[in-house]
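Trainee: Structure incoming, see below.
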Amino acid sequence: MEKSVHFTQRYSNNFLLIFGIVAFVLTIVRLVLGLIVPVGLLTTQAHDDALLFQYADNLLNFNWLGDYNSKTLVKGVSYSLFLALCNWLHLPYTLGLGFMNVGSALLMVVALKKRFQNKIALGCIYLLLLYAPFTYSSLVGLRAYRMAIVPFAVLILFGCLVGLYLRKEERPKSLLPWSIGAGISMGFFWFIREDSIWILPFVAVVLLIMAICVIKEKAGIGTKVRKLILTVVPVLFLVASILVVCCMNFVYYGVFTTNDRSSGAFGKMMGYLYSIEDEDASAEEWVSHAVLESAMDVSPTLASIEPEIETYYAAWSGGNPIKGDIVAWALRDAAEAAGYYQNAVETEAFFAQVNRELEQAFEDGRLEKDDSIHFSNSAEGIQLEQIPDMLSLSIKQMAKMSLFYDTETGIPYSNGTLSQIGAAETLTRTSAVYQPLYQMTLNGTLTSKTDGAFSAEILDETGALLQEIALPQDGGNSYHFSLHFENLTGNQLQIRVYQNQQLVDAFAADSHETDLYSLQLEKTEQVTLDPQLDQVTGDIEIFDGIGNIYRTVSPVVDIFALLGYIMEVVFLFVLWKQKQPVWPEVERWLIVTGFALSAFVLIFGVEFFCGWLDEKVYISFYACGAYVLLMLVKYLSIYLGVQSIWKICKQNRESSRKLQKKKQNA
């Protein structure tokens, strides 16, 4: 018997050793893959990617967020801090991202180990998190933007909170690293995006339950006080980080705020604009042109920049109603064009005066507020009757994300000028994949068939003017031309033909003839591909193959996860009926349920704020933090379900033995 036990233990230890070696090798492979696959540097995204690159540059130069303008205080600083830290440490951004991936997954499984003790199961969860499709999807992982670090930051924050809670019965010294880790990660997470409030329900519930458990435990007053202090430390760190950012903004710009787009006087003004009654606007149109006109009618201060508002409203709308919160960017651009956003204090005073005038208009009835529920100054309100539909849409989106929808991988092309991409490469210490560049030669003849001055414009695929062609002014009816263009990012050129400066035709660049004119055209083109494209394509295919495995097996995994969750609930009921200790099992169930509810809160918030977007894929983009929580819910539910079945079977065997023994004794 002793030999059998010894052999089983040795076999188990050997298996763990082999599994550990395999996990280590797979970790190195994941880091190498992440390092060699470039990320997209979208330097043309002036309000997003490029803006955060500018923040990082300024941080590296000890200039906080740079000179003040309309885009200085609109985004969180955490991602730019991460970029700057990687650069300062001479780490390629992709390797820094890889370390964050590995560290966050490892931290989570270590945190869970206190209640989920099967090492092989935890090791599998670690590897599944490590190779999760969203970590290398075109939408999230392979774009150098703040969403890339959100899933890892979620793992770190939630892992620290879970680790702190599950070790609440240990000495205060053992809780200290988890408490400080939760505080630092909460402060960091808060400033990745402006919608980080969704984490607060989970944070509040975890810390509240922990505080109650500490108060009820049998320990000395001193021990209890120290543990309660450690329970509050994460919140203190969050408050401190908010104060630090506010103070930095006050020192550099003179305004004590974290963000002057969603908060401050401008944020308050947007809240007023979103709440003005407008029965004619569509659901996607949060602030219609009519609402802007009514606001300017009652606010002389806002009306003082009416020409700029009209100009930038037209520029952002493209001739259509502006959807969602895009109107906020149009108004900021308008104020900047009117001379504001040179000085933060003066700009704050300008919008504060607008707010006073709008408030007065609401009070005296010149403006009417809608009857919606407004959760934030950053979004329109919501009607009570809309909530069931929003809940339904959120559940559907949750199911889609559980199946890893919108996590496909493609070539991460960068965009922008060569100098812009080069600057981003220097900042991130990575090599970009450049878009194919085309050299095109056009030889042709433009001939008029009627009176009038004919001319033509050649445009690139973005609509930018490349060349104008005009018939000679000496009365000739034909014009021969030979044009050469280099470094075009696309080969789909467009031609517009004008008669007497009036547009008469528009078509793809090719020979074309009408009753008014004829255009004979010959095209030759050459394309230059990035030399590393073949290598990148091969690496991307590896990632895509791994992602396809996840997406293929996810429906089956989801079914087992649902059954496992139900089985765990049944097991809790059995323990309660048998009057056995149930709290350790309840804690595990609470953790899984808390992860699921947090994912739902995030998805609901994003669905509410981004429901106006035409491309619903961006719901998955902005709610990417839910991917990792849903993965944990699925895998831990399967773990709990299997353990519940095993424990129930074990109880039944023990009951059968006792019953058989009783019969034998009788």
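Trainee: Determine whether E357 is touching a helix residue (DSSP H, G or I) at 6+ places or on another chain (Cβ under 7 Å) and modelled with pLDDT of 90 or more.
Mentor: On the way: touching a helix residue (DSSP H, G or I) at 6+ places or on another chain (Cβ under 7 Å): yes; modelled with pLDDT of 90 or more: yes.
The answer is yes for E357.
Trainee: Would you check if there is a residue in the range 339-350 being more than 23 Å from T258 (Cβ to Cβ), part of a helix (DSSP H, G or I) and open to solvent by 60 Å² or more (accessible area, probe 1.4 Å)?
Mentor: no
Trainee: A further question on this structure: Out of everything in the range 421-443 that is among the hydroxyl-bearing types (S, T, Y) and open to solvent by 10 Å² or more (accessible area, probe 1.4 Å), what residue ends up being nearest to L59 (Cα to Cα)?
Mentor: Filtering the range 421-443 for residues that are among the hydroxyl-bearing types (S, T, Y) and open to solvent by 10 Å² or more (accessible area, probe 1.4 Å), the one nearest to L59 (Cα to Cα) comes out as T426.
Trainee: Going residue by residue through the range 122-129, is there one that turns out to be surrounded by fewer than 21 Cβ atoms within 10 Å (Cβ to Cβ) and more than 20 Å from V628 (Cα to Cα)?
Mentor: no
Trainee: Is it the case that some residue within the range 645-654 is out of contact with any helix residue (DSSP H, G or I) (no Cβ under 6 Å at 6 or more places or on another chain), open to solvent by less than 60 Å² (accessible area, probe 1.4 Å) and β-branched (V, I, T)?
Mentor: yes
Trainee: Scan the range 483-513 for residues that are touching a residue at least 40 places away in the same chain (Cβ under 8 Å), loosely packed, with under 12 Cβ neighbours inside 10 Å and either under 19 Å from T450 (Cβ atoms) or aliphatic (A, V, I, L, M) (or both) and report the count.
Mentor: Of the residues in that region, 2 qualify.
Trainee: Which members of the range 162-180 meet the condition of being out of contact with any Phe, Trp or Tyr (no Cβ under 7 Å at 6 or more places or on another chain), touching a residue at least 40 places away in the same chain (Cβ under 8 Å) and part of a helix (DSSP H, G or I)?
Mentor: Answer for the range 162-180, where residues must be out of contact with any Phe, Trp or Tyr (no Cβ under 7 Å at 6 or more places or on another chain), touching a residue at least 40 places away in the same chain (Cβ under 8 Å) and part of a helix (DSSP H, G or I): V162, Y165, L166, P172, L175, L176, W178, S179, I180.
Trainee: Checking V214 against (1) among the β-branched types (V, I, T); (2) open to solvent by 10 Å² or more (accessible area, probe 1.4 Å); (3) more than 30 Å from F609 (Cβ to Cβ): exactly one of these is not met. Which one?
Mentor: Checking V214 against (1) among the β-branched types (V, I, T); (2) open to solvent by 10 Å² or more (accessible area, probe 1.4 Å); (3) more than 30 Å from F609 (Cβ to Cβ), the one that fails is (2).
Trainee: A follow-up question, please. Is at least one residue of the range 550-559 in a loop (DSSP other than H, G, I, E, B) and open to solvent by 70 Å² or more (accessible area, probe 1.4 Å)? I'd like the intermediate steps shown before the answer.
Mentor: Filtering the range 550-559 down to residues in a loop (DSSP other than H, G, I, E, B) leaves none.
There is no residue in the range 550-559 that is in a loop (DSSP other than H, G, I, E, B) and open to solvent by 70 Å² or more (accessible area, probe 1.4 Å).
Trainee: Regarding H480, is this residue out of contact with any Pro (no Cβ under 6 Å at 6 or more places or on another chain), loosely packed, with under 13 Cβ neighbours inside 10 Å and closer than 15 Å to L519 by Cα?
Mentor: Yes.
Trainee: I would also like to ask the following. Could you count how many residues in the range 351-397 are part of a helix (DSSP H, G or I), within 18 Å of P300 (Cα to Cα) and not charged (D, E, K, R)? First the steps, then the outcome.
Mentor: Start the filter on the range 351-397 by keeping residues that are part of a helix (DSSP H, G or I), which leaves 351-363, 384-397.
Add one more test, that the residue is within 18 Å of P300 (Cα to Cα), and what stays is 351-363.
In the following step, the residues that additionally are not charged (D, E, K, R) were identified as 351-355, 358, 360-362.
Result for the range 351-397: 9.
The values are calculated or read from the model by the stated rules, or taken from the named source; none is laboratory data. Note that this is a predicted model, so its numbers are computed, not measured. For neighbour counting, all protein chains shown are included, and Cβ atoms are generated from backbone atoms with ideal geometry for every residue, glycine included. These accessible areas exclude ligands, DNA and RNA; they are computed on the full protein's heavy atoms, side chains included. Shrake-Rupley method; radii C 1.70, N 1.55, O 1.52, S 1.80 Å.
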